[in-house]
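What follows is one structure encoded as structure tokens, with my remarks underneath.
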There are 2 protein chains.
Amino acid sequence: MTDRKEFRDLATPAEARAALDELDLAPEPETVSLAEARGRVLAERVDATIDVPGFDRASMDGYAVRAADTFGASERDPVVLPRVGVVHAGEKPRVSVGEGECVEVSTGAVMPDGADAVVPVERTSESDDEVAFETAVAPGDSVMAAGADVAAGERALGPGTELTPREIGLLSALGVDDVPVRGRPTVGVVSTGDELVRPGDALDHRRGQIYDVNSDTIAAAVADAGGIPRLYPHVGDDYDELESQLRTAADECDLVLSSGSTSASAVDVVYRVVEDAGELLLHGVSVKPGKPMLVGRIGDSAYVGLPGYPVSALTVFRTFVAPRIRDAAGVREPASASVSGRLAVRVRHGEGRTRLLAVGLVTDGRGETLVYPVDKGSGATTSLVDADGVVEIDADTDYLAAGEAVTVELFSPDVRPPALLAVGEDDPTVSRTLDDVPDPRYLGAGSRTGVRRLRDGVPDVVVVSGPIEPDDPTEELAAWTREWGLVVPTGNPAGIGGLRDLLDADHRFVNRTTASGLRATLDARLDELAGDDETGRALAERIRGYEHGVRAHESPARRVADGAADVGLGLRASAERLDLGFVPLGDEPVRALANPERTGKDGVRALERALDERT
Amino acid sequence: MTDRKEFRDLATPAEARAALDELDLAPEPETVSLAEARGRVLAERVDATIDVPGFDRASMDGYAVRAADTFGASERDPVVLPRVGVVHAGEKPRVSVGEGECVEVSTGAVMPDGADAVVPVERTSESDDEVAFETAVAPGDSVMAAGADVAAGERALGPGTELTPREIGLLSALGVDDVPVRGRPTVGVVSTGDELVRPGDALDHRRGQIYDVNSDTIAAAVADAGGIPRLYPHVGDDYDELESQLRTAADECDLVLSSGSTSASAVDVVYRVVEDAGELLLHGVSVKPGKPMLVGRIGDSAYVGLPGYPVSALTVFRTFVAPRIRDAAGVREPASASVSGRLAVRVRHGEGRTRLLAVGLVTDGRGETLVYPVDKGSGATTSLVDADGVVEIDADTDYLAAGEAVTVELFSPDVRPPALLAVGEDDPTVSRTLDDVPDPRYLGAGSRTGVRRLRDGVPDVVVVSGPIEPDDPTEELAAWTREWGLVVPTGNPAGIGGLRDLLDADHRFVNRTTASGLRATLDARLDELAGDDETGRALAERIRGYEHGVRAHESPARRVADGAADVGLGLRASAERLDLGFVPLGDEPVRALANPERTGKDGVRALERALDERT
């Protein structure tokens, strides 16, 4: 085997943060126009250079007067003054107000010389260029003095202010169009791995190609954190190619992130490139996931190596890197970047290193937030959407008890628990119905998994098929059946008539995983078939491929369509969808069962209504 | 006067919302690339068209084997198998695994034919192309089956899903680069008013020009709500010009917003244009501010007329328009768009129409959020940054009691109370010092205003100068003095030696407002000067301009610099900054005094430290 870089002296998470703090990511300040200023952060204080308003301004439609002339006026005994002119907003007064005179003004007009107050039009009546005033006013009434809003020389906004529409309004009022703002760090993202292909390009499964997940995921997370992502083409494990790409990225960016170095050889190459082209401050952190994290410099730029699995990469990015990008951009972490909740289940730990546990959120029947571990393994990209954030568990924690309060650092600000969390059988009716339910989360992990998670109090609803029955009390939302059987190639060339034809035969069969209700239905049928002489289990062993199950309901049929198998356990719906042959074996019941404490949730009610229409 | 459009039959806020709901703002869906998909909303469900992984995939570095060959292996009694080849990630296997053989694999590699499990390298030792296995494995161990993560045909993401980095990761894994998303409504913004000037252009105060605040403010708020703002040049009250601008905007946008129709004539013009070019659904809403709001259609586009004052325009936009833009874009209001708090003071109402009260937030000594009205009047642009959001008060509410719980609809999501709220004297030392305090809010409304607000329990700190003293207990954070006197033109051409020279003289004097501590200092000096024969008040009446005060400390000096005044009450610091003459009259004390219940706040401690360094 290739020599492996051993992470003997793993840094603590605190040491990793300290190493990151040593790096300088902050770009130079820049100047942007008002139209581009939203969301940016002021680099320096902005003082008013003008008075707002810049003149004594009528703040009502009415008549500008010398206040003293109105003294004593009342409805019964109005004061009558000649109107000597008019001033509209946006024009220079061509009259002044002498003693015993008035001038009509509109809101926003410059106060004519001589006047010191405005009488609102509602308290006057005008005829023949004479105005009767039914009220007395004091000097300054209905006038906004020059500088009363903002005065020239005043501090308007301080450095570090985030520019929302309101601050943009104040800058507009001051006439500031060139806004000095903090720079946003440019962050280069380089995925490594010979097996990667850009989304949109064709994939060769036989060569073990997979789509590059990290590049776009991390780029979006960089943008979320206030940085400017720059994607570079992914590179393989070739030293020269990787070195050239990392050096280019370092020249163009304030921070370079690489990810995808899942193979030991790639880690070695990245390691050597950083040592040759810069400085390695830290390699290996005592955190799971994140052990192979690298921190260093390439040229003048900062460098962080992220793990290769998408959830791991995003977790390490969110925990260690995003805070530094925010610091560099001058933006605060949103208040909605974390939530509190209680653990739904006990979480064992005791691994001797810090754990960044991917978790999902669900709202219980009282509206409280429950937190449950997402335990698919970090290699699963679906964990990305099944998990909402991360709970950090200290290295010296043995376990966290069910009910324990935890803080979840969310993968994105403002992530909320789904309106509905359902777990269970992968089923085409459920899949379609979810389109009619706002904000659902469905984990098609199988009927048995649903029942197990229900026992832990996690899902709102479980979907079970076949003979599988929860031990816990539930409330049935809907029940329907689906026709199951054997999916065979079009025209059923092998002439398979039923399960007996698979016994001791060469037909390559594809089963479902043991969590599936459909597999339980198959096993029950095999037991029936076996009769008294034999066990169903013994029959199963005579089917070629029985032991190998796939998770999703359509997958066996797809294997048949691909020619990778001759017979698949499946549904008539799948066979028809893929234009395959079908040997019916029966109707299987499917039920959506709610946790009785969650039946009041909007999402559960929406699912019930939607299933009622679909089934 | 011009005929005025009377709003006799004002609609209720509920009717206004219903009229807005009638309008169709939603643009057609569109397709964007993954790199542009962040923050967008899926227009339709996305099903997986491929298995992820697309092949049985080694999930550890190690050796691919037939699991049965390892049965019985242990550390003491390892099973030894010949290594017949190697498969790296991203390459097509060129070997298969026969009975009693093994093949080296790296993480991510395609499982070679024949093998059904991987033994991690850590549990093996290799020498001379033979591998000793120290553990038994079961079929499927350390292998991720094709489709185990996502299976072809599975529902991956539902319609309406907001695309965060995680969903972008899942789309990447599925190879989806063309993402079907909801369109974002294009929103045209047209400000009206002859007096408006674009920020960045020169302003003519004499003509009563002011900068156009609403255009950029509303445009930024449109972007916040998920729309695409499009700014149009502001127009005056001319019918043809306004009609042409509104029609152009309606042709190009899904929604047209106008604002700034503060004068009655402009309202009339807008009203007529909408009636001629489209349909007016509603004019006038029984809400303050927002009475002149218009809702209608121009051509095929929706139209809303906003009030002219910036805070009013933003308030009406936030309350009525932003939710519709979000609906059209398919985005939810962020959870952080509103906060709860308790009113710091009693708020009178009883106006017979709904009130949208602009309020500020402050954190009290226990960390609770207090809400206080921002009562500057909607004409003040500084209200934009002094207010954090809006409390809606029903038409039939007479008053809200101090301590009452209210919900504040924030002007922007994630607005938080400032770290420090200070109110009081406008002072250059304070102004500079605030740069060293993170996230402060300072209302330079004068010493007396500070003392009054302190009585209401609003600010953390008050800054008072001169003889002004709070009635309430305070804790002194810092005390310093500032030299005050008369600011005169450079060289003091009138030879003013002191206050006596202003009595019965022609010198045009500029005072500070009565809220100012400096004015109190001046009044005390006039009392001393008056002696026994006369009152200070009588002396004051003999100073030309004594009655007219300006709010900010530098404003009198600026009036002198502009030639609009001959003498200003001010500070040596201002005179020096503006290169003016100065006649010293004494040293005035300035003190920063904390509410004793708030001395533990970070912001208060930061101000104390910063003042300690500056003074």
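The values are calculated or read from the model by the stated rules, or taken from the named source; none is laboratory data. All figures in this text were calculated on a predicted structure; none of them were measured in a lab. In this analysis, Cβ positions are derived from the backbone assuming ideal geometry, glycine residues included, and neighbour counts consider all displayed protein chains. The protein model used for the area step is the full one, side chains on, heavy atoms only, and it has no ligands, DNA or RNA in it. Shrake-Rupley method; radii C 1.70, N 1.55, O 1.52, S 1.80 Å.
Which one of the conditions (1) among the basic types (Lys, Arg); (2) in contact with a Lys or Arg (Cβ under 7 Å, 6 or more places away or on another chain); (3) closer than 30 Å to A:Leu255 by Cβ does A:Arg38 fail to meet, given that it meets all the rest?
Just one mismatch for A:Arg38, condition (2).
Output the qualifying pairs, or none if there are none: Cβ atoms under 7 angstrom, residues six or more apart or on different chains, first residue in the range B:561-586 and of a type in the set (Phe, Trp, Tyr) and in a loop (DSSP other than H, G, I, E, B), second residue modelled with pLDDT under 95 and surrounded by 15 or more Cβ atoms within 10 Å (Cβ to Cβ).
none
From B:Arg537, B:Arg558, B:Arg609, B:Arg605, grab the single residue that is of a type in the set (D, E, K, R), in a helix (DSSP H, G or I) and within 13 Å of another protein chain (Cβ to nearest Cβ).
Unique residue meeting the criteria: B:Arg558.
Pairs only if they're at least six apart or on different chains, beta carbon under 8 angstrom, first in the range A:421-433 and over 24 Å from A:Asp388 (Cα atoms), second aliphatic (A, V, I, L, M) and assigned to a helix (DSSP H, G or I); list them, first residue then second.
Here the result reads A:Pro428/A:Ala573; A:Thr429/A:Leu611, each pair linking the range A:421-433 to a residue that is aliphatic (A, V, I, L, M) and assigned to a helix (DSSP H, G or I).
Would you mind stating whether B:Asn595 is polar (S, T, N, Q) and within 14 Å of chain A (Cβ to nearest Cβ)?
So B:Asn595 fails the test.
So B:Gly160 fits all but one of (1) surrounded by fewer than 21 Cβ atoms within 10 Å (Cβ to Cβ); (2) at negative phi; (3) of a type outside the set (A, V, I, L, M, F, W, C); what number is the exception?
Here B:Gly160 clears every test but (2).
When the range B:358-374 is examined, which residues are found to be in contact with a Leu (Cβ under 8 Å, 6 or more places away or on another chain) and not small (Gly, Ala, Ser)?
B:Leu361, B:Val362, B:Thr363, B:Asp364, B:Thr369, B:Leu370, B:Val371, B:Tyr372, B:Pro373
Could you look through the range B:540-550, keep only residues that are open to solvent by less than 50 Å² (accessible area, probe 1.4 Å) and not small (Gly, Ala, Ser), and pick out the one that is nearest to the other protein chains (Cβ to nearest Cβ)?
Checked the range B:540-550; the qualifying residue nearest to the other protein chains (Cβ to nearest Cβ) is B:Val550.
If A:Glu534 meets every condition in (1) surrounded by 15 or more Cβ atoms within 10 Å (Cβ to Cβ); (2) out of contact with any strand residue (DSSP E or B) (no Cβ under 6 Å at 6 or more places or on another chain) apart from one, which number is that one?
(1)
How many residues does the range A:143-152 hold that are of a type in the set (Val, Ile, Thr) and either crowded, with 24+ Cβ neighbours inside 10 Å or at the interface with chain B (Cβ under 7 Å from one of its Cβ atoms) (or both)?
Within the range A:143-152, residues that are of a type in the set (Val, Ile, Thr) and either crowded, with 24+ Cβ neighbours inside 10 Å or at the interface with chain B (Cβ under 7 Å from one of its Cβ atoms) (or both) number 1.
All but one of (1) modelled with pLDDT under 95; (2) more than 7 Å from every other protein chain (Cβ to nearest Cβ); (3) open to solvent by 30 Å² or more (accessible area, probe 1.4 Å); (4) within 52 Å of the chain's Cα centre (by Cα) hold for B:Arg155; state the number of the condition that does not hold.
Only one criterion in (1) modelled with pLDDT under 95; (2) more than 7 Å from every other protein chain (Cβ to nearest Cβ); (3) open to solvent by 30 Å² or more (accessible area, probe 1.4 Å); (4) within 52 Å of the chain's Cα centre (by Cα) is unmet by B:Arg155, namely (2).
Every residue, every condition in (1) hydroxyl-bearing (Ser, Thr, Tyr); (2) under 15 Å from B:Leu255 (Cα atoms); (3) more than 7 Å from chain A (Cβ to nearest Cβ); (4) in contact with a Lys or Arg (Cβ under 9 Å, 6 or more places away or on another chain), yes or no:
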position	(1), (2), (3), (4)
B:His205	no, no, no, no
B:Val213	no, no, no, no
B:Ile218	no, yes, yes, no
B:Ala223	no, yes, no, yes
B:Gly227	no, yes, yes, yes
B:Tyr232	yes, yes, yes, no
B:Ser244	yes, no, yes, no
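Take the residues in the range A:305-345 that are β-branched (Val, Ile, Thr) and over 24 Å from A:Pro29 (Cβ atoms), then tell me which one is farthest from the chain's Cα centre (by Cα).
Per the stated criteria, the residue is A:Val345.
What number goes with the only condition from (1) open to solvent by 50 Å² or more (accessible area, probe 1.4 Å); (2) over 24 Å from B:Ala419 (Cβ atoms); (3) within 14 Å of chain A (Cβ to nearest Cβ) that B:Ser340 does not pass?
(2) is the only condition that B:Ser340 fails.
Looking only at strands (runs of 3 or more DSSP E) that fall completely inside the range B:73-139, which ones have 1 or more residues that are over 60 Å from the mean Cα position of the chain (by Cα) and surrounded by fewer than 16 Cβ atoms within 10 Å (Cβ to Cβ)?
Correct list: B:79-87, B:124-127, B:130-133.
With the requirement that a residue be within 13 Å of chain B (Cβ to nearest Cβ), open to solvent by 10 Å² or more (accessible area, probe 1.4 Å) and within 21 Å of A:Ala249 (Cα to Cα), what does the range A:171-194 give you?
Passing the criteria: only A:Asp194.
Considering each residue of the range B:26-52, count those that are open to solvent by 80 Å² or more (accessible area, probe 1.4 Å) and within 11 Å of another protein chain (Cβ to nearest Cβ), and give that number.
The qualifying residues number 5.
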